[in-house]
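Asker: A single structure is presented below for examination.
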Amino acid sequence: MEYEKTIQELKGYIKNYAKEILTKSKGKDQYECIFCGSGTGPNGTGALTVYENSFYCFSCRKSGDIFDLIQQAEGIPQNQVIQYAAQKYGIHTDQKAKREENTDYLSFYRECNKHLQDTDYHRGISIDTLNRFLVGYAEQWQHPKSPYSPPTPRLIIPTSRTSYLARDTRKPDEIPQNQRNYTKSKVGNVHIFNEKALNDLSVFYIVEGELDALSIIDVGGNAVGLGSISNINSFFEVTDRIGKARQQKFIIALDNDNAGEKAVFSLSDGFNMRNIDYCIYNPCGNYKDSNESLMNDREEFKKAVQYGIDNIDSLIDECKRQRSVEYDQKYCAEILFEDFINGIADSVNTEVIPTGFKALDNVLDGGLYEGLYVIGAISSLGKTTFALQMADQIAEQGHEVLIFSLEMSRNELMAKSVSRNTLKRVISANGEVINAKTTRGILAGKRYAHYSQIEKELIKGAMNDYQSISKNIYIREGMGDVTVDTIVEQVREHISTGKKTPVVIVDYLQILLPHHNGGTDKSNTDYAILNFKRLSRDYKIPVIVISSFNRENYSNRVSMQAFKESGAIEYSTDVLIGLQLMGVGNKNFDVDTAKSKNPREVEAVILKNRNGRTGGKIGYNFYAMFNYFSETEEINIDLGSKATKSKNIELILKNNFSDMDRL
């Protein structure tokens, strides 16, 4: 079990590894493909996309995890790749590895320290300070646990008796391409640099790198180095263990880059939660980090470091004041009320999006609004078809729809739409239903040679109908590696290209890749639902998620109970719709008989409608053969008036179903 957890933990480092080894392309988390070369062309649009635990190339269709990337990029044998990754990221794969990580390197440090002046790679830090922390130099250093790393000259910076940083001292142009991602190698478990100093009562700068901490110490300050922004939790474990942090004062001074800016929020949250005094002040000015500032202008850097120490109380007070202002701006109703008023005015221009099903739109107060909609049903009841027809009807009005199809292929979805269009054309012309085509009838190219001219013209017209709305439809296929985080990122990508905010459809909930493999089905479903809700709120869009019921619900009326695998569905959705067969739950009801009917008689039960009526039913005839839903004349819901149809569709269809053999 522990080994499996280790594997999953290592897979989570794929984004870190991709940034190290792959060449970035234009899209977020997209790179040149090292399998097929996609992205190396003049447009620079790489098709290899990296997700939370996996990657997929939309060009060559290659998919995999961090281990596949390591094998391809570095030629590590399959039977050694897990151990290699574990060593690289300092993760134990067994008890033996844990014992090895406790190796005492003190004698190694002392020997390296004797050779400190054999190199001029001191990064502007005085010899006295480097000696104080037993920093040394190894001319022929090799990672103690990796037979793959060639001997290289390294500055050795101890972080504890059992861990250190080995930093390549060569100039960038002297380092071979295949070694450039390993110029900073960690050995041993994570330790915060200079963590012992936290036993003293002092003003501490918190910086990222060990050299940054040494730079501040060298000009008279006190500092601890995280080693990496991923070690923030380790930092707080140290302060919690020492227990003196509430009597100390901290200055956050991380790198001047995007990663550093994001990490500032994580550190701030940790301090706020513990009621620890801190401020955000960076003495490195316009330079990337403290060490770079020291090397470029030592005197100005020294003054800036001292300024932070001398003015710590006023800096902390200003930071508290700023936090108070930001808190009020986020949460105080007095300040937010103006936004509330403006939102009402803006809503005048916010167009409700009709689903194209008139009775359903009446129930939903005109159609779709910002919010989370969940449509649930047993298998073979047409929930995908229902959502797809809704998508086409929305696209027909000029709205964009972004469909995440996690089971069916893109071609199958298009064929279902074209199939429906053949039936709609037949109905519109009062023609013969025998000429309409099923999904297979559209996809099977061999059949076209046997179609009559009327059938071919019908298909051509149906395809033209779909093509006319296709500019508003975007379909992203799933490959068994799609998480809710993937979908959120891809919605963000869609909007970032300047396109309209889309209606999002996810088909379907149960085959999303779990957010956490060690979690229960309920916890993973809850996580997905809550994040879909957040997605709808953040972008003010309708998000429609399809959910499947288990077999226990085949002969039961649809109810909230069918969604009990997740409490989040019941509480977080804005609209909850369950599809059920007509008559289900009655004494003589037989599910097989009901499913064999043509058309299948289906009811949409409104189980929840946060801003409207609930409990009603809308009747549909579902023509599964042609992927088509039509609302029945009698609507079993109090809408004030009955919905009517412009054509008697059922009569046309039933008169022709005896001639369906050719379809």
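Asker: For the range 179-194, check the following and say yes or no: at least one residue is out of contact with any helix residue (DSSP H, G or I) (no Cβ under 9 Å at 6 or more places or on another chain) and assigned to a loop (DSSP other than H, G, I, E, B).
Answerer: Within the range 179-194, none of the residues are out of contact with any helix residue (DSSP H, G or I) (no Cβ under 9 Å at 6 or more places or on another chain) and assigned to a loop (DSSP other than H, G, I, E, B).
Asker: Here is a follow-up. Can you list the helices (runs of 4 or more DSSP H) lying wholly within the range 436-506 that have 1 or more residues being within 22 Å of ASN421 (Cβ to Cβ)? Working first, answer last.
Answerer: Working: elements: 439-443, 453-469, 484-496.
Where helices (runs of 4 or more DSSP H) fall fully within the range 436-506 and carry at least 1 residues being within 22 Å of ASN421 (Cβ to Cβ), they are 439-443, 453-469.
Asker: For LEU294, which of the numbered conditions (1) surrounded by 14 or more Cβ atoms within 10 Å (Cβ to Cβ); (2) out of contact with any Gly (no Cβ under 6 Å at 6 or more places or on another chain); (3) in contact (Cβ under 8 Å) with a residue 12 or more places away in the chain; (4) more than 26 Å from ASN233 (Cα to Cα) fails to hold?
Answerer: Only one criterion is unmet by LEU294, namely (2).
Asker: Here is a further query. Which condition does GLY371 not pass, out of (1) within 18 Å of ASP465 (Cα to Cα); (2) surrounded by fewer than 24 Cβ atoms within 10 Å (Cβ to Cβ); (3) under 26 Å from the mean Cα position of the chain (by Cα); (4) touching a residue at least 40 places away in the same chain (Cβ under 8 Å), if it passes all the others?
Answerer: Every listed condition holds for GLY371 apart from (1).
Asker: Is it the case that some residue within the range 51-60 is surrounded by 20 or more Cβ atoms within 10 Å (Cβ to Cβ), among the hydrophobic types (A, V, I, L, M, F, W, C), part of a helix (DSSP H, G or I) and modelled with pLDDT of 85 or more? Write out each step before concluding.
Answerer: Going residue by residue through the range 51-60, those that are surrounded by 20 or more Cβ atoms within 10 Å (Cβ to Cβ) are 51, 53-57.
If we keep only those that are among the hydrophobic types (A, V, I, L, M, F, W, C) too, we end up with 55, 57.
Among the residues that remain, those that are also part of a helix (DSSP H, G or I) are: none.
No; the residues of the range 51-60 include none that is surrounded by 20 or more Cβ atoms within 10 Å (Cβ to Cβ), among the hydrophobic types (A, V, I, L, M, F, W, C), part of a helix (DSSP H, G or I) and modelled with pLDDT of 85 or more.
Asker: Does MET414 count as assigned by TED's automatic domain parsing to the domain that holds ALA444, aliphatic (A, V, I, L, M), surrounded by fewer than 24 Cβ atoms within 10 Å (Cβ to Cβ) and assigned to a loop (DSSP other than H, G, I, E, B)? Lay out the reasoning, then the answer.
Answerer: Values: assigned by TED's automatic domain parsing to the domain that holds ALA444: yes; aliphatic (A, V, I, L, M): yes; surrounded by fewer than 24 Cβ atoms within 10 Å (Cβ to Cβ): yes; assigned to a loop (DSSP other than H, G, I, E, B): no.
No; evaluated as a whole, the condition is false for this residue.
Asker: Within the group MET408, MET390, which residue is in contact with a helix residue (DSSP H, G or I) (Cβ under 9 Å, 6 or more places away or on another chain), surrounded by 21 or more Cβ atoms within 10 Å (Cβ to Cβ) and under 26 Å from VAL558 (Cα atoms)? Explain how you work it out, then say what you get.
Answerer: Working: MET408 fails: surrounded by 21 or more Cβ atoms within 10 Å (Cβ to Cβ).
Within the list MET408, MET390, the selection yields MET390.
Asker: For the range 357-368, name all the residues that are free of Cβ contacts under 8 Å to residues at least 40 places away in the same chain and assigned to a loop (DSSP other than H, G, I, E, B).
Answerer: Step one: of the range 357-368, the residues free of Cβ contacts under 8 Å to residues at least 40 places away in the same chain are 361, 366-367.
Of everything in the range 357-368, those that are free of Cβ contacts under 8 Å to residues at least 40 places away in the same chain and assigned to a loop (DSSP other than H, G, I, E, B) turn out to be GLY366, GLY367.
Asker: Here is a follow-up. Among the listed residues ALA197, ALA259, ALA263, identify the single one that is aliphatic (A, V, I, L, M) and either out of contact with any helix residue (DSSP H, G or I) (no Cβ under 7 Å at 6 or more places or on another chain) or not in a helix (DSSP H, G or I) (or both). Before the answer, list the steps.
Answerer: On the way: ALA259 fails: either out of contact with any helix residue (DSSP H, G or I) (no Cβ under 7 Å at 6 or more places or on another chain) or not in a helix (DSSP H, G or I) (or both); ALA263 fails: either out of contact with any helix residue (DSSP H, G or I) (no Cβ under 7 Å at 6 or more places or on another chain) or not in a helix (DSSP H, G or I) (or both).
One residue alone meets the criteria, ALA197.
Asker: Here is a follow-up. For the range 253-278, name all the residues that are in contact with a strand residue (DSSP E or B) (Cβ under 6 Å, 6 or more places away or on another chain) and of a type in the set (A, V, I, L, M, F, W, C).
Answerer: ALA253, VAL264, LEU267, PHE271
Asker: Among the residues of the range 528-558, how many are in contact with a helix residue (DSSP H, G or I) (Cβ under 8 Å, 6 or more places away or on another chain), of a type outside the set (S, T, N, Q) and at pLDDT below 85?
Answerer: Total satisfying the criteria: 2.
The values are calculated or read from the model by the stated rules, or taken from the named source; none is laboratory data. Keep in mind that this is a model prediction, so the values were computed, not measured. Positions of Cβ are generated from backbone atoms using ideal geometry, with glycine treated the same way; all protein chains shown enter the neighbour counts.
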